[in-house]
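Participant: Dumping the structure here so I can ask a few things about it.
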Amino acid sequence: MQKKLIIFIPSIEGGGVEKNLFIISNYLIDKIKNISVITISNKFKNKFDSKIKFISPKADFWNSIGRGKKFFTGLFILFLEILKNRNVIVFSFQGNVYCTLLCKLLGVKVIVRSNSAPEGWSNNRFRYLIFKNVLRSADKVIVNSLDFKKKFKTKFKIHAECIYNPLNKNEIIKKSKIKSKIKFDKKKLKLINVGRLTDQKDQLTILKAVNRIKDKIKFDLLIIGSGVKKKQLIKYIQENSLSRHVKLLNFQNNPYNLIRSSDIFILSSLYEGLPNVLLESQVLKRFIISSNCPTGPREILLNGKAGFLFNVGDYIKLSKFILQYSKNKKVLSKKILVGYKSLNRFDYKQNLEKYFNIIKSLT
């Protein structure tokens with residue numbers, strides 16, 4: 001392949017999107033010799049293979065600016081790079097509309113990887129029209145679940161390629177065996193949630209659920225993540241006397257030992273794409289209770305055969321599911337096995353090769 005590949009992701013925040021970014025980039029560098037990553041978040045440089053050219057402002061100042069400023073600064077850097085060499089393909093992980101517009105104006109091919117369901121960003125009519133018309137002009141649109149693909153077809157008339165998240169089971173299991181200083185009480189039901197503390201992840205629903213059952217069972221809840229909703233969650237914990245049950249822990253590079261030590265992984269998101277953390281929990285054979293949000297959880301949990309699904313925001317149902325599991329662990333453990341056996345869909349090399357084939361088809 002002679003064309004240069006530019007991977008565009010202005011703001012790297014350490015979530016599921018970024019996990020896929022690192023995996024995909026480091027796989028492609030063995031197939032494509034000329035790859036650059038454009039980002040403003042230079043502190044993640046060590047996550048990329050040393051053969052990948054890292055294009056980012058060097059000063060630490062840039063890490064502290066807002067996400068919007070990172071997007072437009074990243075676009076300006078991308079603009080300058082394309083002017084230097086138009087024999088490129090751009091692979092956008094973020095800021096997809098702006099990136100696609102710029103690439104089309106400059107006459108270069110662009111691949112868009114959309115990471116979260118349209119419900120999260122297309123409810124406004126004006127934004128819907130912009131997204132629909134701009135994304136349709138991309139040379140390829142990639143999504144990470146079949147449900148997501150259907151939504152793009154019906155909502156935007158866009159034919160997207162579905163590539164499941166590549167899952168490195170061996171690495172997850174290996175990291176899960178590294179000991180953590182955080183310990184659960186073995187006598188209690190152990191609940192865990194991992195995700196950014198934002199509106200999208202809706203951890204408040206989990207807190208409302210456990211508040212209903214705090215006098216019915218003994219449990220510990222660990223919420224791992226950082227974000228703008230942290231103060232709100234702390235306030236709810238304090239006002240409802242949940243401090244002895246709930247612990248908030250900042251973002252962890254390796255949460256796998258803690259997931260492995262838990263009984264139930266709970267996802268409460270309003271919308272997703274294909275949540276990595278559910279797949280990781282299945283690898284570690286944990287029971288899963290998830291919101292039935294668009295898109296991903298229903299597909300991963302096989303419509304409830306591999307875990308429990310509750311309607312978005314339904315904390316009463318969530319609390320009942322937690323109680324149900326606490327009383328029927330042995331019977332419900334069969335769902336864990338069903339989920340584990342279904343993980344072949346997310347085969348690491350098979351799905352990574354699909355990315356390469358799409359890029360190769362555009363050269």
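The values are calculated or read from the model by the stated rules, or taken from the named source; none is laboratory data. Values in this document were obtained by computation on a predicted structure and should not be read as measured data. Note that each Cβ is placed from the backbone with ideal geometry, even for glycine, and that neighbours are counted across all protein chains shown. SASA here: full protein model, heavy atoms, side chains in, ligands and nucleic acids out. Shrake-Rupley method; radii C 1.70, N 1.55, O 1.52, S 1.80 Å.
Participant: Identify, from the list LYS51, LYS58, the residue that is out of contact with any Leu (no Cβ under 9 Å at 6 or more places or on another chain), surrounded by fewer than 19 Cβ atoms within 10 Å (Cβ to Cβ), outside any helix (DSSP H, G or I) and at pLDDT 90 or above.
Facilitator: LYS51
Participant: Identify the residue in region 122-166 that is among the hydrophobic types (A, V, I, L, M, F, W, C) and in contact (Cβ under 8 Å) with a residue 40 or more places away in the chain and, among all such residues, is farthest from GLN94 (Cα to Cα).
Facilitator: LEU146
Participant: Which one of these is under 25 Å from SER180 (Cα atoms), touching a residue at least 60 places away in the same chain (Cβ under 8 Å) and touching a strand residue (DSSP E or B) at 6+ places or on another chain (Cβ under 9 Å): ILE217, ILE224, ILE237, ILE206?
Facilitator: That would be ILE206, the only listed residue that is under 25 Å from SER180 (Cα atoms), touching a residue at least 60 places away in the same chain (Cβ under 8 Å) and touching a strand residue (DSSP E or B) at 6+ places or on another chain (Cβ under 9 Å).
Participant: If we keep just the residues of region 208-227 that are open to solvent by 30 Å² or more (accessible area, probe 1.4 Å) and under 20 Å from the mean Cα position of the chain (by Cα), which is farthest from ARG260 (Cα to Cα)?
Facilitator: Filtering first and then ranking leaves GLY227.
Participant: Pick from ILE266, ILE224: which is within 30 Å of VAL112 (Cα to Cα), β-branched (Val, Ile, Thr) and touching a Pro at 6+ places or on another chain (Cβ under 6 Å)?
Facilitator: From the options ILE266, ILE224, the qualifying one is ILE224.
Participant: Output the number of the condition that GLU239 fails; it satisfies all remaining conditions of (1) surrounded by fewer than 23 Cβ atoms within 10 Å (Cβ to Cβ); (2) at pLDDT 95 or above; (3) under 20 Å from the mean Cα position of the chain (by Cα).
Facilitator: For GLU239, the failing item is (3).
Participant: Among the residues of region 154-194, write down those that are surrounded by fewer than 13 Cβ atoms within 10 Å (Cβ to Cβ), modelled with pLDDT under 90 and out of contact with any strand residue (DSSP E or B) (no Cβ under 9 Å at 6 or more places or on another chain).
Facilitator: Those that are surrounded by fewer than 13 Cβ atoms within 10 Å (Cβ to Cβ), modelled with pLDDT under 90 and out of contact with any strand residue (DSSP E or B) (no Cβ under 9 Å at 6 or more places or on another chain): THR154, LYS157, LYS179, LYS181, LYS183, LYS186, LYS187.
Participant: Let me ask something else about it. Which one is surrounded by the fewest Cβ atoms within 10 Å (Cβ to Cβ) among residues in region 83-121 that are farther than 21 Å from GLU272 by Cα and touching a residue at least 40 places away in the same chain (Cβ under 8 Å)?
Facilitator: Once the filter is applied, the top-ranked residue is ASN87.
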